[in-house]
Amino acid sequence: MESIRQIYRIGHGPSSSHTMGPMRAANMFLERNRRATRFQVTLYGSLAATGKGHMTDAAILEVLQPVAPTEIIWEPKVVLPFHPNGMLFESFDADDTLLETWTVYSIGGGTLANEDFNELKTKDIYEMCTIRDIQNWCEQTGYSYWEYVEQCEGPDIWEYLAEVWEIMQQAIRNGLEAEGIIPGGLGLRRKASDYLIRAKGYGSNIRSRGMVYAFALAVSEENACGGQIVTAPTCGSCGVLPAVLYHLKDSREFPDSRILRALATAGLFGNVVRTNASVSGAEVGCQGEVGVACAMAAAAASQLFGGTAAQIEYAAEMGLEHHLGLTCDPVCGLVQIPCIERNAFAAARALDANTFSNFSDGKHRVSFDQVVEVMRQTGNDLPSLYKETSEGGLAKNIRRK
């Protein structure tokens with residue numbers, strides 16, 4: 001299993017698979033084709049179906065257009081066998097002679113792959129890749145999940161996670177300050193600042209929940225507007241974990257050192273899912289995005305509250321289990337409806353999972369690893385119209401005003 005740096009990618013929204021991945025692919029192709037005088041990029045499957053709403057074309061053109069004229073071709077009905085998010089890059093010289101063709105796929109979380117390489121299969125630094133094995137190791141040695149991360153990643157991981165945490169906090173601050181309409185044509189207004197103000201007017205319980213909503217909305221709205229965020233594990237689910245951690249730091253005064261350890265634990269759980277299943281909405285639906293984000297946040301919260309290895313695993317299991325079957329059906333292909341609200345609800349559910357698990361001794365019948373496998377199977381069984389193509393569900397029945 002590779003580094004948790006692959007779970008926490010720093011970049012701009014609104015989509016890790018539809019924006020960050022294609023932009024990275026465009027940069028890689030450009031480096032090999034500096035003398036090209038024309039580019040052509042064909043988008044297939046889910047990338048073509050919801051690419052305009054996810055700003056896929058804008059991300060690619062931002063890289064290639066300043067160098068040479070670039071044409072984007074949309075093929076939503078053509079799904080290449082390797083992955084639903086396929087891209088064909090072509091470069092041409094002054095005589096319009098084809099210089100290079102490159103087919104590559106954005107497989108989730110900003111990661112790229114094709115038949116010849118796979119960023120998901122880079123250097124393995126974790127010997128164990130199931131929570132069962134890692135939990136057993138923790139219970140036998142007395143170490144925590146975050147200490148396993150440190151042993152595998154090395155001390156440099158804390159500097160990276162500190163940067164991740166700062167960007168997460170800045171996304172919340174930016175989102176709470178911003179107001180106005182989110183671009184895309186749905187006429188959706190930013191709500192984070194309003195929710196924060198209203199939350200402060202209530203008593204402690206409702207105030208606490210309202211603050212979590214506000215923090216999650218802030219990050220998700222920043223993502224929808226193309227702001228800088230951190231995938232956790234994707235752009236579309238980037239508001240869940242920051243909201244939970246920011247709320248707990250604010251309300252319980254946890255120091256940053258403990259927050260970073262919680263981030264390490266959350267990253268470990270997300271990494272297990274990414275390795276054994278998928279975090280790509282185009283591959284397994286939103287259960288792989290918001291569901292995994294909820295599991296990560298639940299694990300982080302449980303650790304902060306002193307949960308045992310078994311209780312942390314139980315919290316994460318509930319966070320993912322109760323999102324099984326969640327479809328990815330963004331209205332008009334935009335990461336707005338239902339994505340933004342889903343982040344807020346998942347953040348609240350993560351805190352509930354933590355509370356529920358900490359009432360228990362950590363023993364339960366369904367393991368996190370079993371839920372990961374069920375999530376993978378469920379994703380395979382979901383029709384493509386429910387996997388980020390905007391052809392079913394809410395996307396089919398809700399239109400622009």
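The values are calculated or read from the model by the stated rules, or taken from the named source; none is laboratory data. All figures in this text were calculated on a predicted structure; none of them were measured in a lab. Methodologically, a virtual Cβ is constructed for each residue, glycine included, from the backbone with ideal geometry; neighbour enumeration extends over all protein chains shown. For the accessible areas, the whole protein counts, side chains as well, though only heavy atoms, and no ligand, DNA or RNA atoms are used. Shrake-Rupley method; radii C 1.70, N 1.55, O 1.52, S 1.80 Å.
Things worth noting here:
- When F345 is tested against (1) free of Cβ contacts under 8 Å to residues at least 40 places away in the same chain; (2) open to solvent by less than 10 Å² (accessible area, probe 1.4 Å), just one condition goes unmet, and that condition is (2).
- F89 being at pLDDT 95 or above, in contact with a Leu (Cβ under 6 Å, 6 or more places away or on another chain) and hydrophobic (A, V, I, L, M, F, W, C): no
- Where strands (runs of 3 or more DSSP E) fall entirely within segment 62-134, those with at least 3 residues that are over 22 Å from G51 (Cα atoms) are at 98-108.
- Residues of segment 239-273 that turn out to be part of a helix (DSSP H, G or I), over 11 Å from I7 (Cα atoms) and open to solvent by less than 10 Å² (accessible area, probe 1.4 Å), as a count: 10
- Residues of segment 1-56 that are of a type in the set (V, I, T), assigned to a helix (DSSP H, G or I) and closer than 20 Å to Y160 by Cα: I4 alone.
- Filter result (open to solvent by 10 Å² or more (accessible area, probe 1.4 Å) and part of a helix (DSSP H, G or I)) within segment 188-198: S193, D194, Y195, L196, I197, R198
- Of the residues G236, G175, G185, G201, the single one that is of a type outside the set (S, T, N, Q), part of a loop (DSSP other than H, G, I, E, B) and crowded, with 18+ Cβ neighbours inside 10 Å is G236.
- Candidate set: segment 204-233, residues that are polar (S, T, N, Q), buried (at least 24 other Cβ atoms within 10 Å of the Cβ) and out of contact with any Lys or Arg (no Cβ under 6 Å at 6 or more places or on another chain); chosen: the one nearest to T111 (Cα to Cα): N223
- Test for S220: is it touching a helix residue (DSSP H, G or I) at 6+ places or on another chain (Cβ under 7 Å), in contact (Cβ under 8 Å) with a residue 40 or more places away in the chain, more than 25 Å from Q6 (Cα to Cα) and of a type in the set (S, T, N, Q): no
- Residues that are under 17 Å from R274 (Cβ atoms) and either touching a residue at least 40 places away in the same chain (Cβ under 8 Å) or of a type in the set (K, R) (or both) do occur in segment 85-93, at least one of them.
- From E179, E153, E163, residue being over 20 Å from the mean Cα position of the chain (by Cα), closer than 21 Å to A262 by Cβ and at pLDDT 95 or above: E153
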